[in-house]
Amino acid sequence: CTITNVITASAAAEYPTIPVASVTGNITDNDTASVTITPTTLTLAEGGATDTFDISLGSTPSGQVDITVTPDAQCDIGGGAGVAGVLNFTTMTPQTVTVTAVDDVLVEGGHTCTITNVITTSAAAEYPTGALTSVTGNITDNDTASVTITPTTLTLAEGGATDTFDISLSSTPSGQVDITVTPDAQCDIGGGAGVAGVLNFTTMTPQTVTVIAVDD
């Protein structure tokens, strides 16, 4: 900094309004161009708890700084699973990102998602573009592997009324699941008295079994 010194008024003839030396101050800065992300670990639950983290700059930028926040397919920051958002910084004011776990129908147990943060454009030389600290979300799964059969009691009549029941999986399986349905000799599910059939499941879509009483 520069401090100028000027005789602006003088009642002393020997001290006319003449130039006077200025003073220079050499200043040590206490500001750094940094980005703070906190916290970097979140607690999330499918269909339940969300969490947040803040991003802030360590100094007022000399131009706009844009930070792109990108969740993976397991998380949503407001635009949909895996959809990025951009935060624009012209001050040091922190900005908050809300993270939601994607509520899928897969049995995954406890799993994680990763949110990456990158300075993608910058008009401030002190904030160059580049990757920042990422955030990890620890997700509690709400899916279980079970098979539902409903109803479990049918009303049939020899030579008359048939009935049906549905079989469904509670979650999308990671591979094909085959369920063998076997009637005893008093019933027929389409192949003949006592003849089994196999249902192949690759989705949660229920499959219907029609049961006929054997007319003996």
**Item:** Checklist (1) part of a loop (DSSP other than H, G, I, E, B); (2) closer than 30 Å to residue 203 by Cβ applied to residue 112, failing item
**Value:** (1)
**Request:** Considering only the stretch 142-183, state which residues are open to solvent by 70 Å² or more (accessible area, probe 1.4 Å) and under 13 Å from residue 207 (Cα atoms).
**Result:** 147, 149, 150, 178, 180
**Request:** Kindly indicate whether residue 158 is over 25 Å from residue 85 (Cα atoms) and charged (D, E, K, R).
**Result:** yes
**Prompt:** Which of the residues spanning the stretch 192-216 are in contact (Cβ under 8 Å) with a residue 24 or more places away in the chain and of a type outside the set (A, V, I, L, M)?
**Reply:** 200, 201, 202, 203, 205, 206, 207, 208, 210, 215, 216
**Request:** Counting only residues that are touching a Ser or Thr at 6+ places or on another chain (Cβ under 7 Å) and open to solvent by 50 Å² or more (accessible area, probe 1.4 Å), give me the strands (runs of 3 or more DSSP E) lying completely in the stretch 1-86 with at least 2 of them.
**Result:** 51-57
**the stretch 88-113: number of residues that are buried (at least 17 other Cβ atoms within 10 Å of the Cβ) and without any contact (Cβ under 8 Å) to a residue 40 or more places away in the chain** = 1
**Prompt:** Does any residue in the stretch 128-143 that is under 14 Å from residue 71 (Cα atoms) and at pLDDT 95 or above come within less than 8 Å, Cβ to Cβ, of a residue that is of a type in the set (Asp, Glu) and open to solvent by less than 50 Å² (accessible area, probe 1.4 Å) six or more places away or on a different chain, and which pairs are these?
**Reply:** 137/51; 139/46
**Pairs, first within 14 Å of residue 127 (Cβ to Cβ) and modelled with pLDDT of 95 or more in the stretch 63-84, second open to solvent by 40 Å² or more (accessible area, probe 1.4 Å) and of a type in the set (Ser, Thr, Tyr), C-beta under 6 Å, six or more apart** = 64/90; 65/122; 66/120; 66/121; 68/120
**Prompt:** When you look at residue 195, is it farther than 17 Å from residue 148 by Cβ and among the aliphatic types (A, V, I, L, M), yes or no?
**Reply:** yes
**Message:** Looking only at the stretch 192-210, how many residues end up being touching a Pro at 6+ places or on another chain (Cβ under 9 Å) and open to solvent by 40 Å² or more (accessible area, probe 1.4 Å)?
**Reply:** 6
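The values are calculated or read from the model by the stated rules, or taken from the named source; none is laboratory data. All figures in this text were calculated on a predicted structure; none of them were measured in a lab. Cβ: placed from backbone, ideal geometry, glycine included. Neighbour counts: every protein chain shown. Quick note on the areas: whole protein, heavy atoms, side chains included, nothing else; ligands and nucleic acids left out. Shrake-Rupley method; radii C 1.70, N 1.55, O 1.52, S 1.80 Å.
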